[in-house]
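First comes the structure, then the notes that go with it.
The values are calculated or read from the model by the stated rules, or taken from the named source; none is laboratory data. The model shown is predicted, which means the values in this text are computed figures rather than measured ones. Cβ coordinates were reconstructed from backbone atoms using ideal geometry, including for glycine residues, and neighbour counts include every protein chain displayed. With ligands, DNA and RNA removed, areas are computed over all heavy atoms of the protein, side chains included. Shrake-Rupley method; radii C 1.70, N 1.55, O 1.52, S 1.80 Å.
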Amino acid sequence: VADILDLLADAHLKLCEGQGAELLWRDAGDKALTPADALEIYALKTSPAFEAALLSGLRLAGSVEEYVAPIQEYARQLGVAFQILNDLGDWRGDDHNKLLAAGDVTGGRPTVLWALALEGLNDADRAELKKISGGLIDHASVERIRQLYERAGVFARADQLVQDGRRAAQAVADAINPPELRRLLRYLIDTVLDGR
């Protein structure tokens with residue numbers, strides 16, 4: 001029980017750290033964000049939930065020492081890929097996400113899409129993107145942000161990041177024993193990443 005409580009407490013601290021980083025960015029004057037920074041926020045605010053759930057279940061079955069490092073890596077890859085899919089759904093629309101496009105931009109949340117746009121745009125387009133997001137976001141603003149994201153190749157790059165995360169999580173799952181745990185980890189990949 002103490003081990004599981006420690007796992008859950010550690011996960012909760014990481015989740016809070018991730019949410020705190022998101023709030024700090026939202027309230028910052030400069031909306032600079034690198035893809036690496038965005039992915040680290042994602043890892044902190046999403047991955048610990050997967051990690052805690054898996055390690056808690058494993059701890060109920062016995063010792064987890066041999067599983068800690070691979071499950072942490074698996075949870076990181078799965079969590080980050082899940083978060084990127086969530087961001088893509090915010091622009092593409094899906095049944096699991098918000099019904100209105102650009103909710104993350106209008107809500108002032110840091111996303112890897114934003115970071116990829118800042119990285120991929122020229123100075124003038126980058127300045128325009130920051131200016132648009134600093135004002136009232138209406139339908140025309142959302143469409144202009146979409147155009148800038150497309151110009152920077154953001155959606156294709158984000159799709160590739162999801163596939164990279166899926167492959168990395170799959171590689172961890174493929175190396176896990178016993179076979180029952182391996183099947184569970186594969187099932188979670190297919191379920192969480194919607195079979196993509």
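Hand me the GluC sites (Glu not before Pro) from segment 9-115 located in a DSSP loop with no more than 10 other Cβ atoms within 10 Å, in residue order please. Intermediate results must be reported in sequence, preceding the final value.
Working: sites: Glu17, Glu22, Glu40, Glu51, Glu65, Glu66, Glu73; in loops: Glu65, Glu66.
Those that pass, being in a loop and sparsely packed, are Glu65.
Over all Cα atoms in segment 5-58, the spread is summed up by Rg and Dmax: 12.9, 44 Å. Going by accessible surface with a 1.4 Å probe and the largest first, Tyr67, Tyr149, Tyr187 read Tyr187, Tyr67, Tyr149.
Tell me the relative contact order for the chain as a rounded percent, counting alpha carbon contacts under 8 Å between residues six or more apart.
Normalised by residue count, the contact order of the chain is 23 percent.
At an R0 of 30 angstrom, the distance between the Cβ atoms of Ala124 and Leu23 translates into a FRET efficiency of 0.50.
Global size of the chain: 18.2, 57 Å for Rg and Dmax (C-alpha atoms, Rg to one decimal, Dmax whole).
Counting only alpha carbon atoms, the long axis of helix 154-174 and the longest principal axis of the chain meet at about 0°. May I ask for the angle, rounded to the nearest 10°, between helix 35-61 and the longest principal axis of the chain, with both axes built from Cα atoms and the value confined to 0 to 90°? Here the helix axis deviates by roughly 20 degrees. As a fraction of the 1.4 Å probe accessible area of segment 59-196, surface on carbon and sulfur atoms comes out at 53 percent. Axis of helix 123-133 versus longest Cα principal axis of the chain: the two differ by about 80°, to the nearest ten degrees.
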